[in-house]
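**Student:** Below is the structure I would like to discuss, written out as structure tokens.
The values are calculated or read from the model by the stated rules, or taken from the named source; none is laboratory data. Note that the structure is predicted; figures quoted are calculated from it, not measured. In this analysis, Cβ positions are derived from the backbone assuming ideal geometry, glycine residues included, and neighbour counts consider all displayed protein chains. Calculation scope for accessible area: heavy atoms of the full protein, side chains included, ligands and nucleic acids excluded. Shrake-Rupley method; radii C 1.70, N 1.55, O 1.52, S 1.80 Å.
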Amino acid sequence: QVRLVESGGGLVEPGGSLKLSCAFSGSIFSMHVMGWYRQAPGKQRELVANISTSGRTNYGDSVEGRFTISRGNVKNMADLQMNSLKPEDTAVYYCNARTVGSGSSYWGRGTQVTVSS
């Protein structure tokens, strides 16, 4: 069973940076598309970024140019580097893994990111 554990959330001032990490276990990491989603209070969960098994990346419009997703197929980690953070980036950030082929989807429990002065 796939297990995802997020870390790295916290409180940061506007314009600051944070790095989120997602530790993957329980299956073959290289067979999963990895993604980060977020959900703010009263809003639907939205895609932040994802990265394919070959390293191709895709970003939500609101974070393009500020956030960078990466994956380490040796350490089985998916990271999200967030720069130039804005108050509207405040949300719970969730790691997602989707199995290539079957489409099975797995979620972490989330980590809170708060951008405030």
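**Student:** Which one of Gly26, Gly16, Gly72 has the biggest mean-square fluctuation once the chain is modelled by GNM with Cα springs under 10 Å?
**Tutor:** So, out of Gly26, Gly16, Gly72, the one fluctuating most is Gly26.
**Student:** Expressed in nm to one decimal, what extension gain is obtained for the pair Ser62 and Ser117 from 0.36 nm per residue of sequence separation less their Cα-Cα distance? All intermediate terms of the calculation are to be shown ahead of the outcome.
**Tutor:** Numbers: separation 55, 0.36 × 55 = 19.80 nm, distance 2.04 nm.
Separation in residues times 0.36 nm, less the Cα-Cα distance, equals 17.8 nm.
**Student:** Given a 1.4 Å probe, how much area per residue of the range 26-95 is accessible, in Å²? Display every interim value, and only then the final one.
**Tutor:** Numbers: 3660 Å² over 70 residues.
Accessible area per residue, the range 26-95: 52 Å².
**Student:** Once you put a point 7 Å from the Cα of Asn83 and another 7 Å from the Cα of Ser54, both along the Cβ direction, what distance in nm separates them?
**Tutor:** Simple spin-label model gives 2.7 nm for this pair.
**Student:** Sequence neighbours fewer than 8 away in the same chain don't count; with that in mind, list the aspartates and glutamates whose C-alpha is under 14 Å from Lys19.
**Tutor:** Glu6, Asp79, Asp89
**Student:** While we're on this one: Just to check, using Stokes-Einstein with a Kirkwood Rh over alpha carbon pairs, what's the diffusion coefficient of the chain at 37 °C and 0.692 mPa s in µm²/s? Walk me through the intermediate numbers first.
**Tutor:** Details: Rh = 14.1 Å.
Here the translational diffusion coefficient equals 233 µm²/s.
**Student:** Near Lys86, within a Cβ-to-Cβ distance under 14 Å, what is the net charge of the other residues, with Lys and Arg +1 and Asp and Glu -1? Don't skip to the end; give the middle numbers.
**Tutor:** On the way: positive: Arg38, Arg66; negative: Glu13, Asp61, Glu64, Glu88, Asp89.
Taking every other residue near Lys86 into account, the sum is -3.
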